[in-house]
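First the structure, in the form of structure tokens, and then the observations on it.
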Amino acid sequence: MPAPVHFPPPFVRLAETGRPAIQLRIDGASASALEGDTVLVALLSQGQRVRDSEFGDGVRAGFCLMGACQDCWVWDEMGHRLRACSTVAREGMSIVTQPPEATWPQQQ
Amino acid sequence: MAAAAVSPRFIVVGAGPAGVRAAQALVQAGVRPIVIDEGRRDGGQIYRRQPEGFTRSYDMLYGGEAAKARTLHSDFDAMRPHIDYRSETLAWNLTQGALHTLQGGQAHTLAFDAVIICVGATDRLMPVQGWNLAGCYSLGAAQIALKSQACAIGSRVVFAGTGPLLYLVAAQYLKAGANVAAVLDTSPAIPAPKAWKGLLARPHLLLRGLALQFMLCRAGVQVLKGVTPVRIRGDSITGVSGISVRDAQGVERTLQCDAVALGYHLRAETQLADLARCEFAFETVSRQWLPRIDEDGRSSTRGVYLAGDGVRILGADGAEAAGRLAALAALNDLGHEGGRALFTAQAPALRRTLATMNAFREGLARAFLWPHAQAAMLPDAAVLCRCESVTAGELRRSVREMGSQEINRAKAFSRVGMGRCQGRYCGHAAAEVVAHAAGIPVEQVGRLRAQAPVKPLLMDAKEVQA
């Protein structure tokens, strides 16, 4: 995994900034967001990137924000896939932006 | 109640303006429909409700449409006890007489006698070199960031593309205090003469559109018409840094920005209609295949009704009328007594409303033309499919070297349209690229066939028996 590069967060909050802060972890690092943020907004208020394209054309930061393009997939610490634009960020959540190693689900 | 066992089963898919009005008509006729909503809350995209805990007023969120948004939301709240509302639920397939849904990892099969599909639209996109850079969003995304999360997509935003939404969202950004660098419209400054007849069908909307443009200009926002996008500038790590276009005089201009909102009006989400085997017809003005419907919203498949932007981009007012009419038609067709009376009484006025909306829709399609020639000019190196970074050149190669003159064949060879978005964002442009490369009309290229699941599912979904 390349070293994370930090740039000013792209999303600009224009209103609703009085919401309580929540703490979460992004790729192991602690981060803060606001209650009611989507995971995508939580990620983009930290830095430029939501994930890396698997096809080598660079970082991605979502595209449609309405659950149609699937360009904002991230994972929780259990390896469960989340669509960042339609998942609400929760206190204590741990987000992983690199795909987990492929493992076939075990029969219960 | 003995009658309940034999009463027809109705499903409404979608809880935007069309879906809410369809469900309301069913409830008024004494039916309890299932309402499937992919959203967390009702309202759809246009009347999207902000999350709990957000405090902006209706006026701030919906501007001139605040009263309509409030009415739709309160009508929905009032009928909640009378419907089986399933939010955060994806309708992922439609087979004969059954809708397949997924909610929180649980898959259900729901049998129906009538389904009213009101699934809305997504942005219609014409790719431009660099649209795969971080910081390039669909126009709808820019609006959702603002409405639902109170965020701007960047600290200096360019709005590019065409269509009424371009000016609306730019104006909403301006009002909310965002930095709008420019509005770059590919349509000419003066709409074609043929457009005016349709545009004048709803004169107040035409005036509102002109007022938005005036407001943007007065605020000092650069508004350029008749532009041709050249490329979105930036790099693969830091994302968007600017956009280059050729202006109406053919002079190349580059503007600095850190985000681009790109959109060319909207495209209907027709996948469920396609899976239901509804017939499609090619519409020349907008250069796309759309499901055939009659004036009440009946598709060619019995029991399948289509309403709202998911079949024709009439906008929110048209969606409300179409949703209601389609539901009443469904009740009437199934011999529901109360529904039949409502249908007979209300259908004529609803049809007249829809005819006006449809004339306006055609006016918009002519005023904000789909710039199909851009697809032909897209450089070979430009990414056409954002999902899998397939270039326009690779798609052309499948046409020239492998003889793919049909879009599904071209998809199989090039993978354009096979990625995660399933062709939603590249499909229309891909058809134009294939048509141009093959030297045939775009209607001859066909349309991407919808495949179930209409959106990716997780492998751990469990089927729940009814």
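The values are calculated or read from the model by the stated rules, or taken from the named source; none is laboratory data. Everything quoted here is computed from the prediction, not taken from an experiment. Virtual Cβ from ideal backbone geometry, glycine too; neighbours counted across all protein chains shown.
Quick notes
- Scan of the range A:28-53 for residues that are surrounded by fewer than 20 Cβ atoms within 10 Å (Cβ to Cβ), within 8 Å of chain B (Cβ to nearest Cβ) and farther than 19 Å from B:LEU146 by Cβ, ordered by number: A:SER53
- The set of residues in the range B:298-321 being among the polar types (S, T, N, Q) and touching a Phe, Trp or Tyr at 6+ places or on another chain (Cβ under 8 Å) consists of B:SER299 alone.
- Candidate set from the range B:372-385 (those that are out of contact with any Leu (no Cβ under 9 Å at 6 or more places or on another chain) and at pLDDT 95 or above); member that is surrounded by the fewest Cβ atoms within 10 Å (Cβ to Cβ): B:ALA381
- Output for the range A:9-27, where each listed residue is among the β-branched types (Val, Ile, Thr) and within 14 Å of chain B (Cβ to nearest Cβ): A:VAL12, A:THR17, A:ILE22
- Flag for B:ALA111 being free of Cβ contacts under 8 Å to residues at least 24 places away in the same chain and more than 20 Å from B:TYR62 (Cβ to Cβ): no
- Test: residue in the range B:142-155 that is in a strand (DSSP E or B), within 14 Å of chain A (Cβ to nearest Cβ) and either crowded, with 24+ Cβ neighbours inside 10 Å or of a type outside the set (A, V, I, L, M) (or both): yes
- Among the residues of the range A:73-93, those that are more than 8 Å from chain B (Cβ to nearest Cβ) and in contact with a Phe, Trp or Tyr (Cβ under 8 Å, 6 or more places away or on another chain) comprise A:LEU82, A:ARG83, A:ALA84.
- Condition broken by B:ARG324, with the remaining ones in (1) crowded, with 24+ Cβ neighbours inside 10 Å; (2) outside any loop (DSSP other than H, G, I, E, B); (3) free of Cβ contacts under 8 Å to residues at least 60 places away in the same chain satisfied: (3)
- Residue that is surrounded by the fewest Cβ atoms within 10 Å (Cβ to Cβ) [pool: residues in the range B:424-452 that are over 20 Å from B:GLU279 (Cβ atoms) and in contact with a Gly (Cβ under 8 Å, 6 or more places away or on another chain)]: B:ALA430
- Number of residues in the range A:8-24 that are farther than 19 Å from A:VAL96 by Cα and in a strand (DSSP E or B) equals 3.
- In the range B:158-177, the residues that are buried (at least 23 other Cβ atoms within 10 Å of the Cβ) and farther than 22 Å from B:ARG361 by Cβ: B:VAL158, B:ALA160, B:TYR173
- Identity of the residue in the range B:327-361, touching a residue at least 24 places away in the same chain (Cβ under 8 Å) and of a type in the set (D, E, K, R), that ends up nearest to B:ARG202 (Cα to Cα): B:ARG361
- Taking the listed residues B:LEU224, B:LEU206, the one that is buried (at least 19 other Cβ atoms within 10 Å of the Cβ) and either at pLDDT 95 or above or assigned to a helix (DSSP H, G or I) (or both) is B:LEU206, with no other qualifying.
- Single condition B:HIS108 does not satisfy, out of (1) surrounded by 20 or more Cβ atoms within 10 Å (Cβ to Cβ); (2) more than 16 Å from B:LYS147 (Cβ to Cβ): (1)
- Some residue of the range B:272-282 being assigned to a strand (DSSP E or B) and free of Cβ contacts under 8 Å to residues at least 12 places away in the same chain: yes
- The set of residues in the range B:97-141 that are more than 10 Å from chain A (Cβ to nearest Cβ), over 30 Å from B:HIS372 (Cα atoms) and assigned to a loop (DSSP other than H, G, I, E, B) comprises B:GLY97, B:GLY104, B:PHE112, B:ASP113.
- In the range A:56-72 there is at least one residue matching the filter, namely being in contact (Cβ under 8 Å) with a residue 24 or more places away in the chain, more than 7 Å from chain B (Cβ to nearest Cβ) and crowded, with 18+ Cβ neighbours inside 10 Å.
- Elements of type strands (runs of 3 or more DSSP E) in the range A:25-108, at least 2 residues being in contact with an Asp or Glu (Cβ under 8 Å, 6 or more places away or on another chain): A:94-96
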